[in-house]
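Notes for the one structure printed next.
Computed from the coordinates by the stated procedures, all read-outs in this text should not be read as laboratory data. In this text the structure is predicted, and so the values were computed from the model without any measurement. Heads up, the Cβs are rebuilt from the backbone with ideal geometry, glycines too, and the neighbour counts pull from every protein chain shown.
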Amino acid sequence: MIGRILLAAVAAGLIAGAFVSGAQMLKVVPLIYAAEAYEAPTATETQSHSHDTGPAETGHDHDAAAWAPEDGVERITYTTLTNIVLGAGFALLIAAGMTLRGRATDWRQGLIWGASGFLAFSLLPALGLPPELPGMAAADLTGRQVWWAMTVAASAGGLALIAFGSNWALRFLGAALLIIPHIVGAPHPNEFSAGGVPAELAAQFVATSLVTAGVFWLLLGALTGHFIGRGLQSE
């Protein structure tokens, strides 16, 4: 049983991760390249002072910049591997939820679980912290990470209470959990600026990133439900 669930999660993560990587290379990565052109300093600026990319990296000069994969094959490879690993991990969460639910599982049920994952991990956090392009102004990294983790946990818990709550009080509590992180508010910089990145480019990046994430989660959920359902039927 456990082996079948693990195999289903790995298979779903492999397919969904590879698919979304291709979509990102076609639609998302070109926008990042375009934004990096606005972020790149001139030669004079490089020689005269360090490059400030935001509060979390203030004071890092170019010689001491953090490692990043080279554009091209290396970047594609690391992105694909990361998406596959994340896909397998998220598929395990979906599979665990389906198994604990104890009902018949198929790709249709998987779509519902995938849509819930998209809401909890992508859409609802993006209401406070939308995807950001390189060079855009941003608040302290630690503060953003804490708020994002809190929002994901509250959103997942809230959706679970709404879907599985045995009475209206629990469902009301679930709805409150969805709202609380946004009442607290996400951390933002004191001054909003795209750092030279055109507003149209930033808006296109947000929309494209969320659509890509939505496709990833729906595909991941459907595949996980399909593989687990077939595995249980064969036992």
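Excluding residue 209 itself, calculate the net charge of residues whose Cβ lies under 10 Å from the Cβ of residue 209, where each Lys or Arg counts +1 and each Asp or Glu counts -1. Mind showing how you got there, number by number?
Working: positive: 27; negative: 132.
My count for the surroundings of residue 209 gives 0.
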Can you list residues whose amide H is under 5 Å from residue 106's amide H, if they're 5+ apart or on another chain and H is modeled 1.01 Å from N? none
